[in-house]
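Notes follow the structure.
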Amino acid sequence: MKRMACIGECMMELSEHPDGTLTRGFGGDTLNTALYLARLGVPVDYVTALGDDPFSDAMIAAWTEEGIGTGLIPRLAHRLPGLYLIQTDNRGERRFFYWRDSAPARQLFRLPETGAIEAALRGADLIYLSGITLSLFDPGSRDRLFDVLAAARAGGVRIAFDTNFRARGWPDFAVAREVFEQAFKASDIVLASVEDHALLYGPADPESVIDHLRAAAVRESVVKFASPACHVMAGDTGEVIEAAPVPDVVDTTAAGDSFAAGYLAARRAGRSPAEAARIGHTLAGAVVRHRGAIIPQAAMPAITLAPEAS
């Protein structure tokens with residue numbers, strides 16, 4: 001069975017509690033998605049680079065235990081993974097602080113192992129990446145990534161892109177906009193948000209984001225609103241899917257990442273875009289009720305991916 005592949009970076013995660021104490025974990029947007037995909041039973045590989053340190057060892061061990069494939073992760077000598085700290089306010093909104101400039105993942109497309117990784121990507125079922133993924137790489141590495149995405153897509157591999165935009169990862173907005181337009185054209189599925197679009201392109205509303213993606217010839221899109229709802233579009237058919245309210249939000253970290261996992265897993269299983277969005281909302285609704293990017297296995301909601309019998 002072909003496997004999905006999620007490309008990006010995982011970092012050490014420090015979550016700050018109200019009393020100033022810290023909890024150590026790990027996280028990263030595409031890694032979070034890969035982990036929730038694995039928990040939903042999807043065969044998935046994580047594609048990144050790590051160091052040869054104990055923290056990287058612990059990441060590999062944890063991912064293996066979760067069922068994530070780790071065969072496409074080069075290990076770089078004398079290097080450490082990146083680090084980020086999360087501060088969360090009393091509404092569950094969070095701020096991120098990063099130490100990641102020399103993270104091994106930035107060299108992913110400039111390593112002796114890169115050719116083998118590219119070959120594996122060309123044989124995947126679906127490749128998932130994000131705006132944060134694209135911000136990791138220098139222009140030459142990004143060009144190489146887009147080349148392999150084009151080759152994979154020509155061979156029948158689907159490409160899913162999550163806009164997940166962080167301004168501090170880019171040298172300027174013009175470069176980011178240019179790269180995002182490339183990503184839209186390279187993708188079969190785009191998961192976007194009004195918030196990301198406004199940060200990158202200026203004032204936005206759902207209709208303007210939908211129009212932008214339609215103009216970029218995106219075949220299938222999910223546009224997440226500021227409120228708990230999204231608009232799904234496949235071809236010429238669009239629909240707004242509301243999410244059930246979550247009154248006890250603790251931490252919105254990984255809400256979008258888990259939504260992406262639920263949506264992509266459901267679409268892979270044959271569910272319609274609207275049904276897949278409802279499944280994405282269900283998983284994200286469980287995730288925001290817990291602190292940190294990864295919720296306990298016991299807190300995972302019961303989700304049925306297979307289409308209902310007609």
Looking only at segment 103-136, filter to residues that are without any contact (Cβ under 8 Å) to a residue 60 or more places away in the chain, open to solvent by 10 Å² or more (accessible area, probe 1.4 Å) and of a type outside the set (D, E, K, R); which one of those is nearest to Leu80 (Cα to Cα)? Gln107
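Condition first: without any contact (Cβ under 8 Å) to a residue 60 or more places away in the chain and under 13 Å from the mean Cα position of the chain (by Cα). Now tell me which residues in segment 252-279 satisfy that.
To start, the set of residues in segment 252-279 that are without any contact (Cβ under 8 Å) to a residue 60 or more places away in the chain comprises 255, 266, 269-279.
Passing the criteria: only Ala255.
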Residues of segment 49-70 being open to solvent by less than 40 Å² (accessible area, probe 1.4 Å), out of contact with any Ser or Thr (no Cβ under 8 Å at 6 or more places or on another chain) and over 23 Å from Arg267 (Cβ atoms), in sequence order, are Ala49, Gly51, Asp53, Ser56, Met59, Ala62
List every residue pair whose Cβ atoms sit under 9 Å apart, with the two residues 6 or more apart in sequence or on different chains, where the first one lies in segment 76-87 and is more than 10 Å from Trp99 (Cβ to Cβ) and the second, anywhere, is open to solvent by 60 Å² or more (accessible area, probe 1.4 Å) and of a type in the set (Ser, Thr, Tyr). Arg79/Ser102
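So is Ile189 touching a residue at least 60 places away in the same chain (Cβ under 8 Å), within 20 Å of Thr30 (Cβ to Cβ), among the aliphatic types (A, V, I, L, M) and crowded, with 16+ Cβ neighbours inside 10 Å or not? Reasoning before the result, please.
On the way: touching a residue at least 60 places away in the same chain (Cβ under 8 Å): yes; within 20 Å of Thr30 (Cβ to Cβ): yes; among the aliphatic types (A, V, I, L, M): yes; crowded, with 16+ Cβ neighbours inside 10 Å: yes.
Criteria met by Ile189.
Every residue, every condition in (1) of a type in the set (A, V, I, L, M, F, W, C); (2) over 13 Å from the mean Cα position of the chain (by Cα), yes or no:
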{"residue": "Arg3", "(1), (2)": "no, yes"}
{"residue": "Leu14", "(1), (2)": "yes, yes"}
{"residue": "Phe26", "(1), (2)": "yes, yes"}
{"residue": "Leu35", "(1), (2)": "yes, no"}
{"residue": "Ala38", "(1), (2)": "yes, yes"}
Turns out the helices (runs of 4 or more DSSP H) fully within segment 159-216 with at least 1 residues that are closer than 23 Å to Ala265 by Cβ and among the small types (Gly, Ala, Ser) are 173-186
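Yes or no, residue by residue, for (1) of a type in the set (D, E, K, R); (2) closer than 26 Å to Pro301 by Cβ; (3) crowded, with 21+ Cβ neighbours inside 10 Å:
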{"residue": "Lys2", "(1), (2), (3)": "yes, no, no"}
{"residue": "Cys6", "(1), (2), (3)": "no, yes, yes"}
{"residue": "Cys10", "(1), (2), (3)": "no, yes, yes"}
{"residue": "Leu14", "(1), (2), (3)": "no, no, no"}
{"residue": "His17", "(1), (2), (3)": "no, yes, no"}
{"residue": "Gly25", "(1), (2), (3)": "no, yes, no"}
{"residue": "Leu31", "(1), (2), (3)": "no, yes, yes"}
{"residue": "Leu37", "(1), (2), (3)": "no, yes, yes"}
{"residue": "Gly41", "(1), (2), (3)": "no, yes, no"}
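Residue-wise test of (1) in contact (Cβ under 8 Å) with a residue 12 or more places away in the chain; (2) open to solvent by 50 Å² or more (accessible area, probe 1.4 Å); (3) out of contact with any Cys (no Cβ under 9 Å at 6 or more places or on another chain).
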{"position": "Ala217", "(1), (2), (3)": "yes, yes, yes"}
{"position": "Lys224", "(1), (2), (3)": "yes, no, no"}
{"position": "Ala293", "(1), (2), (3)": "yes, no, yes"}
{"position": "Ile303", "(1), (2), (3)": "yes, no, yes"}
Considering only residues that are among the β-branched types (Val, Ile, Thr) and either modelled with pLDDT of 95 or more or surrounded by fewer than 24 Cβ atoms within 10 Å (Cβ to Cβ) (or both), which ones fall in segment 242-285? Val246, Val249, Val250, Thr252, Ile279, Thr282
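Within segment 244-265, how many residues are part of a loop (DSSP other than H, G, I, E, B) and more than 17 Å from Glu195 (Cα to Cα)? It would help to see each step written out before you state the result.
Of segment 244-265, the ones part of a loop (DSSP other than H, G, I, E, B) are 244-254.
Imposing the further condition that a residue be more than 17 Å from Glu195 (Cα to Cα) reduces the set to 244-251.
Qualifying residue count for the region: 8.
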How many residues does segment 84-141 hold that are out of contact with any strand residue (DSSP E or B) (no Cβ under 8 Å at 6 or more places or on another chain), modelled with pLDDT of 95 or more, in a loop (DSSP other than H, G, I, E, B) and under 28 Å from Ser258 (Cβ atoms)? 4
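The values are calculated or read from the model by the stated rules, or taken from the named source; none is laboratory data. Since the structure is predicted, the reported quantities are computational estimates derived from the model, not experimental observations. Neighbour counts run over all protein chains shown; Cβ positions are idealised from the backbone, glycine included. Note: accessible area is taken over every heavy atom of the protein model, side chains too, but ligands, DNA and RNA are not part of it. Shrake-Rupley method; radii C 1.70, N 1.55, O 1.52, S 1.80 Å.
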